[in-house]
Amino acid sequence: MDVEPKYAIRVSDLRKSFDGKEYVLNGMNLNILKGKITTIIGFSGTGKSVLLKHFLGLIKPTSGAVEVLGTKMSDLEEDAIINFRRKFGVLFQNAALFDDMSVIDNVLFPLREHRKDMKPRLMRSEAETRLRLVGLDPKHFKKLPSELSGGMRKRVGLARAIALDPEILLYDEPTTGLDPIITEMVDNLILETHKHRPGLTSVIVTHDLYAAFRIGDYVAMLNEGKVLLYGTPQDFLNSEVDLVKRFVQKGVHKN
Amino acid sequence: MEKFRRGLFYKNSIQEPIEKIGKSTIGIISSFGEVVVFSLEAMKWWFRPPHRFSEVVKHLEFVGNRSISIICLTGLFTGLVFAFQAWIGLKIVNAENLVGPTSALGIFRELGPVLTGLIISARAGGAMAARLGTMRVTEQIDALEVMGVNPKNYLIAPRILASVIATPLLTAVFDFMAMLGTYILCIHVVGLDEAIFWNKTQFWLDPKDINEGLIKAAVFGLFFSSICTFKGYHTKGGAAGVGEATNRGVVSSMVSIIVVDYFITKIVRMVVKWM
């Protein structure tokens, strides 16, 4: 009898070097639980974004393995990886909206690509539902991304990321460059999105410690290409590891 | 010491320049190889689903339709100036009647495809490199990949196909306008006999000459679009990276059009003769 894997993503002894000398990821081990929100924190240059790209199969590891929903990414051919990525939704740092398409067309794009069984009218109504879900006013639906504010672009990016009902939602620095009010709005949006989708696994790479502890069920702190600590926010607050203590104090103090 | 000095002199004056030439030659060959592999990977999507007809039409409109006015203008004046220079030269040997065929052969075989290739690579190729470069640095290409859409299928293959189709069509427009320029100069400016002009041109010009130019134009279309999309797709850095990719794409494709013209002419002439 097949037992459904407990982990959405498993990283085993992952090492990555771009120049063959220095290792950005240096023997990393991390298990991300299914259906939970995991935040990944760490100093700049500790390999957070590189790790995220490994999850998506955008980068091949130098050694070690990444397993997503029971599938080893390195076993997949290029075309198979591209198909497999449909299990993911990704909110990029700058939303990465297609700048020659309107807001509604951006959300329609994944549906047009992968839900050819749907009638155009139904597709449109699905896209509009997603946009309303993330709190975007219908008056913005026909605008181009360049006409939107940073917060609105993030909303559209999130609506596009959830368009295909992904099993794993990745957020790459979702609040970088946003003011505190919009930051809180985006954090709440992440929580709401997760709450309304049972079984969804959310992984957030962030610099924002306050948000990491507020929204994360689990937190992983990276340092020198490895996981320094993985646990609940409470585990971090109780930690006696010097680097973790300093990091937490700075974050709590800052916020 | 003397031996050491001699060794140093040998290294500085002889070995280093040879090393530099060798390195840059290897660099050029490996870059060419990368472009070939990249464009072949994209071109396989011409024959595999999902087919992107609407994207091909969109890029045809961009590469072809929006270039017509500039092609008409340059074609007309190229015909005028080429015929004028030919008339000055041929008048010396009392062979003014050959201005038409001389101009026609030059235009259909060489000037048409080469100048069209250069103009289109600067206009459309530059825009392709800049567009793809911007998409790369703003993570739009990454977004496509994570949405399960192959960027080579969606972005590259339609652009290359549109360029391969549009460049010969634009060359035909250029040829027509250049011949119009030649006709205006010969008949209305220097006053040659119209019947002789058409008779001589028809006598010397073979349909194979026209085919040769059009086949060459398709190859130039393939070249500039492959190079410019390659440079744009592999852009690194921010806005400066986009500028550099655009610049390199345009310069490389223009230089390559001129360099490969000789070799393509040889090959195409063999093919056309065989046809």
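Here are some notes:
- Residue check for B:THR167: assigned to a helix (DSSP H, G or I) and buried (at least 23 other Cβ atoms within 10 Å of the Cβ): yes
- Residues of the stretch A:203-231 satisfying the condition of being touching a Phe, Trp or Tyr at 6+ places or on another chain (Cβ under 8 Å), of a type in the set (Gly, Ala, Ser) and closer than 17 Å to A:TYR7 by Cα: A:ALA220, A:GLY231
- Per the conditions (1) surrounded by 13 or more Cβ atoms within 10 Å (Cβ to Cβ); (2) modelled with pLDDT of 90 or more, the sole criterion not satisfied by B:HIS188 is (1).
- Pair list, Cβ < 6 Å and 6+ apart or interchain, from the stretch B:129-145 residues that are more than 9 Å from every other protein chain (Cβ to nearest Cβ) and surrounded by fewer than 21 Cβ atoms within 10 Å (Cβ to Cβ) to residues that are among the small types (Gly, Ala, Ser) and not in a helix (DSSP H, G or I): B:VAL137/B:GLY238
- Qualifying residue in the stretch A:145-153 (condition: farther than 28 Å from A:VAL50 by Cβ and of a type in the set (Ser, Thr, Tyr)): yes
- Residue match in the stretch A:124-140 (condition: under 17 Å from the mean Cα position of the chain (by Cα) and either more than 10 Å from chain B (Cβ to nearest Cβ) or assigned to a strand (DSSP E or B) (or both)): yes
- Flag if B:ARG159 is within 30 Å of A:ALA95 (Cβ to Cβ) and buried (at least 22 other Cβ atoms within 10 Å of the Cβ): yes
- Selection status of B:THR116, at pLDDT below 95, of a type in the set (Val, Ile, Thr) and either in contact with a helix residue (DSSP H, G or I) (Cβ under 7 Å, 6 or more places away or on another chain) or farther than 30 Å from B:GLU194 by Cα (or both): no
- Unmet requirement for A:ARG115, which otherwise passes all of (1) charged (D, E, K, R); (2) more than 14 Å from chain B (Cβ to nearest Cβ); (3) more than 24 Å from B:THR134 (Cα to Cα): (2)
- For the stretch B:118-138, the set of residues classified as within 15 Å of the chain's Cα centre (by Cα) and of a type in the set (S, T, N, Q) consists of B:SER121 only.
- Hits in the stretch B:184-230 (condition: more than 25 Å from B:VAL81 (Cβ to Cβ) and out of contact with any helix residue (DSSP H, G or I) (no Cβ under 6 Å at 6 or more places or on another chain)): B:PRO207
- Enumeration of residues in the stretch A:196-236 that are out of contact with any strand residue (DSSP E or B) (no Cβ under 8 Å at 6 or more places or on another chain) and either free of Cβ contacts under 8 Å to residues at least 12 places away in the same chain or buried (at least 18 other Cβ atoms within 10 Å of the Cβ) (or both): A:ASP208, A:GLN234
- Whichever residue in the stretch A:45-65 is touching a residue at least 60 places away in the same chain (Cβ under 8 Å), away from chain B (no Cβ under 14 Å) and not small (Gly, Ala, Ser) and, among such residues, is surrounded by the fewest Cβ atoms within 10 Å (Cβ to Cβ): A:THR46
- Within the stretch B:146-173, being more than 10 Å from every other protein chain (Cβ to nearest Cβ) and of a type in the set (Ser, Thr, Tyr) holds for B:SER163, B:THR167, B:THR171.
- Subset of the stretch A:141-178 that is polar (S, T, N, Q) and either part of a loop (DSSP other than H, G, I, E, B) or in contact with a Cys (Cβ under 8 Å, 6 or more places away or on another chain) (or both) - its residue that is surrounded by the fewest Cβ atoms within 10 Å (Cβ to Cβ): A:SER149
- Selected residue (only one of B:LEU76, B:LEU60, B:LEU115, B:LEU98 is over 23 Å from the mean Cα position of the chain (by Cα) and either crowded, with 19+ Cβ neighbours inside 10 Å or in contact (Cβ under 8 Å) with a residue 12 or more places away in the chain (or both)): B:LEU98
- Candidate set from the stretch A:66-112 (those that are in a loop (DSSP other than H, G, I, E, B) and in contact with a Ser or Thr (Cβ under 7 Å, 6 or more places away or on another chain)); member that is nearest to the other protein chains (Cβ to nearest Cβ): A:ALA96
- Tally, over the stretch B:136-154, of residues that are assigned to a helix (DSSP H, G or I), hydrophobic (A, V, I, L, M, F, W, C) and either under 15 Å from A:PRO110 (Cα atoms) or modelled with pLDDT of 95 or more (or both): 4
The values are calculated or read from the model by the stated rules, or taken from the named source; none is laboratory data. Because the structure is a prediction, the values reported are computed rather than measured. FYI the Cβ positions are ideal-geometry reconstructions off the backbone, even for glycines, and counts take in every protein chain you see.
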